[in-house]
Number of protein chains: 2
Amino acid sequence: MVDYVKELKSLLAEDRVTINQTILEQHSRDESYHTPRLPDVVAFPENKEEVSALLKFANEQEIPVVPFGLGTSLEGNAIPYSGGISLDMSLMNKVIEVREKDFLVKVQPGVTRTQLNKTLKQYGLFFSVDPGADATLGGMAATNASGTTAVRYGIMRDQVRDLEVVLANGEIIHTGSLATKSSSGLHLNGLFVGSEGTLGVFTELILKVYGIPEEIVAGRASFPTVQQAVSAVNGIMSAGIPIARIELVDARSITQVNTYMNKSYEEKPTLFLEFHGNAAGLAQDVEFAKDIVRDFGCENITFETDSIARNELWEARHKLAYALIHSSPGKKLMSTDVSVPLHELSEAILNTREKIDLSKVEGAIAGHVGDGNYHVLFMLDLTDPIEVAEAMRLNAEIVDYALSRGGTCTGEHGVGIGKRIYQRREHGNAYDVMVSIKQVLDPKGILNPGKIFLDETE
Amino acid sequence: MVDYVKELKSLLAEDRVTINQTILEQHSRDESYHTPRLPDVVAFPENKEEVSALLKFANEQEIPVVPFGLGTSLEGNAIPYSGGISLDMSLMNKVIEVREKDFLVKVQPGVTRTQLNKTLKQYGLFFSVDPGADATLGGMAATNASGTTAVRYGIMRDQVRDLEVVLANGEIIHTGSLATKSSSGLHLNGLFVGSEGTLGVFTELILKVYGIPEEIVAGRASFPTVQQAVSAVNGIMSAGIPIARIELVDARSITQVNTYMNKSYEEKPTLFLEFHGNAAGLAQDVEFAKDIVRDFGCENITFETDSIARNELWEARHKLAYALIHSSPGKKLMSTDVSVPLHELSEAILNTREKIDLSKVEGAIAGHVGDGNYHVLFMLDLTDPIEVAEAMRLNAEIVDYALSRGGTCTGEHGVGIGKRIYQRREHGNAYDVMVSIKQVLDPKGILNPGKIFLDETE
């Protein structure tokens with residue numbers, strides 16, 4: 001047992017600091033293939049004062065602190081590889097205030113997005129970011145999460161108006177205000193969003209929310225080729241049709257869904273679409289979108305307005321990761337995540353599919369194609385070194401390809417441990433600027449050490 | 001003559017480094033009331049290598065460098081109060097590449113927004129940010145400009161995908177990539193946008209552009225009271241109607257336009273609206289908006305689709321600053337700029353109007369009301385100390401009020417010299433974080449010294 005548990009208990013409370021083995025194990029991993037590592041202790045703060053006192057103590061003692069939401073990250077972002085304290089924010093899970101006339105909500109970091117949306121619904125509002133997993137909003141801000149709706153409403157960074165952040169030395173700052181926009185001072189909101197716990201711990205968030213659209217229409221369209229599907233996306237976006245979601249699943253991945261879920265979806269590159277707006281506008285948007293997808297060779301297109309029918313229509317997309325995970329017991333998910341310029345996307349996806357088909361592993365491809373962002377999902381038997389090595393090689397090649405096209409090594413999963421080795425290559429000497437900011441804000445390196453940035457010894 | 005002119009000429013070219021008095025004077029001021037100050041020398045670089053060589057030299061010699069676009073700033077942002085080099089970017093004015101299928105454009109910092117839009121039009125694209133002035137894109141990024149379209153398309157920071165930046169020591173970095181979104185590394189794009197030349201000099205920008213909407217409808221609606229006008233804005237936004245612009249001009253300001261321009265617009269609080277979309281959707285949006293504004297007491301509403309009629313409809317808004325400036329020869333503009341949470345806006349505007357009416361100066365109020373952002377425009381006789389003192393007092397009171405409501409001291413004009421004294425109050429100890437980032441990136445303080453941050457001696 002580490003010798004500072006007693007001090008932590010005096011700073012928080014006897015029953016909110018634990019070395020219980022089961023709880024340590026729950027905080028040793030995320031939803032990815034990355035190797036688990038136990039924290040030395042798990043602490044459950046209830047307010048910012050406790051977080052501040054704990055960080056002040058940890059900073060003095062040089063103890064690593066790793067903020068933890070629900071562990072839904074995919075790049076080892078919250079795994080405590082240097083041990084220390086896993087700071088579990090789940091008790092700070094209150095929706096503090098809905099300022100409906102300001103289109104703002106103030107939440108604690110442990111609130112999940114579905115919990116928030118349940119609260120917002122009674123005000124006719126919704127929170128737009130949907131990364132799939134029911135992650136905490138603190139975790140989503142830390143990773144700069146996004147997902148299927150980013151093409152219309154933006155990413156997590158676009159929703160954050162203010163963060164209450166406890167810095168490494170225990171100081172508490174606010175990075176923004178209640179104003180919709182500001183040109184006052186340096187943009188700390190944007191800097192702290194996506195910092196993955198390496199610059200500070202979030203204890204409160206003010207987020208932008210939206211009026212629930214009058215009507216939602218969902219669609220599914222299949223194409224002979226990936227190129228045609230992606231060209232259709234470009235056509236829709238060039239036409240200025242305000243698409244709310246536009247997702248691509250490639251043919252081989254539809255086959256995987258059919259196999260795993262005993263379905264018979266058409267095994268072709270398929271676009272899943274969603275439109276938000278008023279009835280008249282949507283009717284025209286949908287007609288226009290139909291014309292465009294047909295111009296690009298679409299052979300089969302269906303639209304639905306009713307919410308149950310919409311969900312059925314989207315099932316093959318919604319259930320893709322689920323189908324893979326729940327049909328692969330004992331295997332672990334490696335989901336790589338890159339983003340390329342829009343017109344590079346079809347080439348990138350084809351190149352990726354070719355590489356997977358030539359390899360010894362199976363991989364599904366799904367893309368937030370309106371953002372040029374796509375994922376490859378591998379289910380890995382971690383005891384099979386050949387399978388793991390193959391997937392690692394493919395991951396590296398997919399990232400290499402994205403970077404060679406002016407893209408990024410991660411569109412939304414964050415760097416964590418998995419994408420650190422690409423930081424210097426992607427950012428060049430801007431990486432040194434990032435390191436210098438990290439050093440000035442966390443000089444002892446206690447905050448989520450080894451994430452985003454390589455340790456000096458690595 | 002400062003002793004380093006010869007060195008600068010050897011780094012750039014004989015004819016692109018000047019101490020010509022007229023040119024020094026052109027670089028001594030912006031469009032505001034702030035006191036001019038001559039630079040020691042003006043340099044006109046043609047490429048990043050020259051900017052890098054110049055900064056490296058200036059950093060070694062500890063010579064201040066102030067980047068200069070077109071001098072359209074409103075808070076003294078580009079006035080060289082410590083002398084040194086005014087770095088005029090106007091020769092770097094090429095649209096380098098239109099990547100129409102990526103909805104991206106690569107430009108040099110001296111390109112103006114109307115120049116860019118002229119180029120984009122032939123691709124069916126447009127650049128969304130419209131701050132009124134035909135500013136350079138480098139300057140707009142440096143100030144995080146926005147304007148009337150921010151409510152729909154976002155502010156300058158939302159459009160920037162990558163900046164090529166020369167740091168104080170002459171190093172060149174890229175802050176982003178061509179990817180639409182990224183969670184890779186710390187968000188340097190956001191940090192450098194709005195840094196007002198205090199962290200680096202931009203030599204290239206990659207910006208997001210949009211498809212020109214199928215149809216544009218403009219509207220004008222007058223109300224008995226400011227509260228009703230602002231409540232109508234809230235109603236429109238709550239209904240999820242995707243408004244592209246929504247501007248308020250208060251009654252007294254319409255009177256000023258009528259007086260100065262010999263017009264007879266109805267002298268009531270007036271909303272100016274614009275909708276972008278498809279014909280069917282706009283028809284429904286406009287009908288819905290009409291219902292809402294009538295619910296809030298609107299007495300007079302007009303809509304136009306044709307571009308000439310649209311411009312006429314908006315004239316009283318477009319010409320407000322123009323009417324003031326061109327009817328006040330010898331006077332200088334003080335335009336203060338605050339942003340408050342949306343539902344605080346009507347109260348804030350009424351409070352401001354009351355303060356102005358009780359004072360000895362005249363002020364016009366115009367607001368980007370969808371963002372909670374409004375401006376007060378004073379025309380000042382700078383030789384009249386009472387008038388200046390009155391306007392300064394009102395400016396301070398307007399900012400105080402905005403900050404007391406959780407707002408910001410500047411929504412879009414930036415801090416420059418005019419809003420520095422509010423930085424500590426608005427940001428609390430987050431201001432120290434900003435200062436530490438400034439110090440680590442510009443340890444000798446050569447980059448636009450005295451802007452955003454108070455000098456240590458102040």
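The values are calculated or read from the model by the stated rules, or taken from the named source; none is laboratory data. Computed from a predicted structure; not experimentally measured. When we count neighbours, we look across all protein chains shown, and the Cβ atoms used for this are built from the backbone with ideal geometry, even at glycine. SASA here: full protein model, heavy atoms, side chains in, ligands and nucleic acids out. Shrake-Rupley method; radii C 1.70, N 1.55, O 1.52, S 1.80 Å.
Extending each Cα 7 Å along its Cβ direction at A:Ala13 and A:Met392, get the distance between those two points in nm, one decimal.
My value for the distance between the label points is 4.4 nm.
Taking the Cα centre as origin and putting +1 on Lys and Arg beta-carbons and -1 on Asp and Glu beta-carbons, what dipole magnitude results for the protein assembly as shown, to the nearest 20 debye?
Dipole of the protein assembly as shown, to the nearest 20 debye: 300 debye.
Quick one: helix B:279-295 against the long Cα principal axis of chain B, what's the angle to the nearest 10°, folded into 0 to 90?
The helix B:279-295 is inclined about 70 degrees to chain B.
Need one value: the accessible area of A:Val399 in square angstrom, 1.4 angstrom probe, rounded to the nearest 10.
Rounded to the nearest 10, that gives 0 Å².
Report A:Asp3's accessible area, 1.4 Å probe, all protein chains in place, as a number in Å² to the nearest 10.
130 Å²
If you take the accessible area of B alone plus A alone and subtract the pair, what total do you get in square angstrom, rounded to 100, with a 1.4 Å probe?
Counting protein atoms only, the buried area is about 6100 Å².
Please give the calculated 222 nm ellipticity per residue for chain A, where each DSSP H segment of at least 4 residues contributes -39500 (n - 2.57) and the sum is spread over every residue; nearest 500 deg cm²/dmol?
Calculated at 222 nm, the ellipticity per residue is -10500 deg cm²/dmol.
Give the nm distances, rounded to one decimal, from A:Asn311 to the matching residue in every other copy, measuring between label points 7 Å along Cα toward the beta carbon; shortest first.
Distances between equivalent label points, in nm: 5.2.
From Cα pairs below 8 angstrom and at least 6 apart in sequence, can you work out the relative contact order of chain A, rounded to a whole percent?
Over chain A, the number comes to 16 percent.
So what's the net charge close to B:Ala309: Lys and Arg +1, Asp and Glu -1, counting the other residues with Cβ under 12 Å from its Cβ?
Charge balance near B:Ala309 sits at -2.
Mind checking the alpha-carbon convex hull of chain A and giving the volume per residue in Å³?
About 149 Å³ per residue, rounded to a whole number.
Counting only other residues whose beta carbon sits under 10 Å from that of A:Lys332, what net charge do I get with K and R as +1, D and E as -1?
0
Tell me which of B:Pro36, B:Leu11, A:Ser73 sits at the most positive position along the dipole axis of the protein assembly as shown, charges placed on C-beta atoms (Lys, Arg +1; Asp, Glu -1).
Farthest towards the positive end: A:Ser73.
Could you work out how much longer the chain between A:Lys360 and A:Thr302 gets when fully extended? Use 0.36 nm per residue separation minus the Cα distance between them, nm to one decimal.
Working: separation 58, 0.36 × 58 = 20.88 nm, distance 3.53 nm.
Gain on extension, A:Lys360 to A:Thr302, equals 17.3 nm.
What list of ³J(HN,Hα) values in whole Hz, one per residue of segment B:220-237 in order, does the Karplus curve 6.51 cos²θ - 1.76 cosθ + 1.60 (θ = phi - 60°) give from phi, with Gly and Pro shown as x?
Values, residue by residue: 9, 9, 10, 10, x, 9, 4, 4, 5, 4, 6, 4, 4, 4, 4, x, 5, 6 Hz.
Taking the Cβ of B:Val376 as the centre, find all other residues whose Cβ is under 13 Å away and add up their charges (Lys, Arg: +1; Asp, Glu: -1). Could the numbers behind the result be given before it?
Values: positive: B:Arg252, B:Arg353, B:Lys355, B:Arg393; negative: B:Asp250, B:Asp337, B:Glu354, B:Asp357, B:Glu362, B:Glu390, B:Glu397.
That sum, taken over residues with Cβ under 13 Å, equals -3.
Please compute the per residue accessible area over segment A:215-320 with all protein chains in place, 1.4 Å probe, rounded to a whole number of Å². Can you show the working numbers first?
Details: 4070 Å² over 106 residues.
About 38 Å² of surface per residue is accessible.
Quick one: pull the percent of accessible area on chain B belonging to carbon and sulfur, 1.4 Å probe, ligands and nucleic acids left out.
Result for chain B: 49 percent of the exposed heavy-atom area is carbon or sulfur.
Compare B:Met140, B:Met379 by solvent-accessible area with a 1.4 Å probe and give them largest first, with all protein chains kept in place.
Final ranking, largest accessible area leading: B:Met379, B:Met140.
Suppose you put the label 7 Å out from Cα in the Cβ direction; list, shortest first and in nm with one decimal, how far B:Ala396 is from each other copy's label.
6.4
Calculate how steeply helix B:48-61 sits against the longest principal axis of the alpha-carbon atoms of chain B, using the helix alpha-carbon long axis, and give the answer as 0 to 90 degrees to the nearest 10.
70 degrees
Gap in Å between the Cα centre of segment A:10-72 and the Cα centre of segment A:382-438?
Each part's Cα centre sits 27 Å from the other's.
Provide B:Lys355, A:Lys360, A:Lys94 ordered by accessible surface of protein heavy atoms (probe 1.4 Å), highest first.
The ordering from most to least exposed comes out as A:Lys360, A:Lys94, B:Lys355.
Round to a whole angstrom and tell me the spacing of the C-alpha centers of segment B:282-296 and segment A:152-212.
For segment B:282-296 versus segment A:152-212, the Cα centre distance is 34 Å.
Taking the Cα centre of segment B:95-211 as the origin and placing charges on Cβ (Lys, Arg +1; Asp, Glu -1), which of B:Val165, B:Ser195, B:Thr180 is farthest toward the positive end of the dipole?
B:Thr180
I'm checking a number: the convex hull volume of the Cα atoms of the protein assembly as shown, normalised per residue, in Å³. What is it? Display every interim value, and only then the final one.
Values: hull volume 147.9 nm³, N = 916.
Given the Cα convex hull of the protein assembly as shown, per-residue volume reads 161 Å³.
Considering only Cα-Cα distances, which of the following residue pairs are longer than 20 Å: B:Lys118/B:Lys332; A:Lys101/A:Lys121; A:Lys438/B:Lys438; B:Lys48/B:Lys438; B:Lys419/B:Lys451; B:Lys118/B:Lys263?
Over 20 Å Cα-Cα: B:Lys118/B:Lys332; B:Lys48/B:Lys438; B:Lys118/B:Lys263.
Quantify how strongly other chains surround peptide B:436-443 by giving the mean number of their Cβ atoms within 10 Å of each of its Cβ atoms.
What the average comes to for B:436-443 is 3.
With a 1.4 Å probe and every protein chain left in place, tell me how much accessible area A:Arg245 has, in Å² to the nearest 10.
Result for A:Arg245: roughly 40 Å² accessible.
With r defined as the distance between the Cβ atoms of A:Lys319 and A:Thr119 and R0 fixed at 35 Å, what FRET efficiency is calculated, to the nearest 0.05? Don't skip to the answer; put the middle values down first.
Numbers: r = 27 Å, r/R0 = 0.76.
Using R0 = 35 Å, I get an efficiency of 0.85.
About the Cα centre of segment A:330-416, how large is the charge dipole given +1 on each Lys and Arg Cβ and -1 on each Asp and Glu Cβ? Please answer in debye to the nearest 20.
That gives segment A:330-416 a dipole magnitude of about 80 debye.
Taking the Cα atoms only, what angle lies between the long axis of helix A:251-261 and the longest principal axis of chain A, rounded to 10 degrees?
Between the helix axis and the principal axis of chain A, the angle is about 70 degrees.
Kindly sort B:Glu62, B:Glu204 by accessible area of their heavy atoms, largest first, with the probe set to 1.4 Å.
Details: B:Glu62 115, B:Glu204 35 Å².
In descending accessible area the options line up as B:Glu62, B:Glu204.
Between the alpha-carbon centers of segment A:123-151 and segment B:342-376, tell me the distance in whole angstrom.
Here the two parts' Cα centres lie 35 Å apart.
Any idea what the dipole of segment A:215-320 comes to, in debye rounded to 20, about its Cα centre with Lys/Arg Cβ at +1 and Asp/Glu Cβ at -1? Don't jump to the answer; show the numbers that get you there.
Values: 10 positive and 15 negative charges, 63 e Å.
Rounded to the nearest 20 debye, it is 300 debye.
Given segment B:95-211 reduced to its alpha-carbon atoms as identical point scatterers, what log10 I(q)/I(0) does the Debye formula return at q = 0.17, 0.18, 0.22 Å⁻¹?
-0.77, -0.86, -1.31
Quick one: work out the % antiparallel among DSSP beta bridges in segment A:5-90, nearest 5.
Of the beta bridges lying entirely in segment A:5-90, close to 20 percent run antiparallel.
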